Amino acid sequence: MRQSIEAVADAWGAAQRYGAAIFMIAMTLLYGFNVVIRTVLPQYAATFAWIEEASRYMMVWVVFLATGIALEVGRHILIDMWWGRLGPRARRVVFALIDLTGIVFSVWMAVLSVRLTLFIAGTGQTSPTLGMPAYPLYVAPAVGFASLAVSFALRLFSVRDARRKPPNAPWLGGAPS
């Protein structure tokens, strides 16, 4: 069972990392192209006005895809003023409370995001320059918070926990620890 969970977590983590990387590369290429067009052929700049909106959509997706990744590799904020003074048992309790709070908050935000997405989809709203439905922008927080909830749960049950395993763990494509 644990191996199945780890396999699914591996696949989802890879999808998040590759998705975020693809969006970042696409944004860079689109913005670079946009700068060239505005500089060399300014008369065509209005034709490519959609690039800025598409890049904003991609940036929102990158942010929400990266939240689960950041948690998985231990890159979220830790205030460690008293951390060194806590014993191992107290640390486990604090970590469990943090993870439980993270799960509850993330699930709540995912539910709210889904409700907002359904509302926006129901209005038929479209993006001004892309001409596509606006709701895919609102799917990003739902996916991001759901992913964050799963990452907190995996961390709570020590399936994926950068606090116990180094960030170069095999599921991140690094050397086995």
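Every read-out reported here was derived from the displayed coordinates using simple, explicitly stated rules and does not represent laboratory data. Note that the coordinates shown come from a computational prediction; the quantities given were computed from them, not determined experimentally. Here the Cβ positions follow ideal geometry from the backbone for every residue, glycine too, while neighbour counts run over all protein chains shown.
What order do you get for 136-145, 17-26 when each peptide is scored by the mean count of other beta carbon atoms within 10 Å, highest first?
Peptide ranking by packing, descending: 136-145, 17-26.
Treat each spin label as a single point 7 Å out from the Cα along the C-beta direction, and report the residue 115 to residue 26 distance in nm.
Using points 7 Å along Cα→Cβ, the separation is 3.0 nm.
Helix 50-72 versus the longest principal axis of the chain: what is the Cα-based angle in degrees, 0 to 90, to the nearest 10?
10
Mind pulling the angle between the C-alpha long axis of helix 135-156 and the longest principal axis of the chain? Nearest 10 degrees, somewhere in 0 to 90.
Helix 135-156 and the main axis of the chain meet at about 10 degrees.
Where the convex hull is taken over the Cα atoms of segment 2-172, what is its projected area averaged over directions, in nm²?
Projected over every direction and averaged, the Cα hull of segment 2-172 covers 12.7 nm².
Measure nothing but the geometry: give the 0 to 90° angle between the long axis through the Cα atoms of 88-123 and the longest principal axis through the Cα atoms of the chain, rounded to 10°.
Relative to the chain, helix 88-123 is tipped by roughly 30 degrees.
Please list, short to long, the whole-number percent of alpha-carbon pairs of segment 1-103 in consecutive 10 angstrom bins beginning at zero.
P(r) over segment 1-103, rounded to whole percents: 12, 27, 24, 19, 11, 6, 1.
Compute the FRET efficiency between residue 83 and residue 56 as 1/(1 + (r/R0)^6), taking r as their Cβ-Cβ distance and R0 = 35 Å, and round to the nearest 0.05.
0.40
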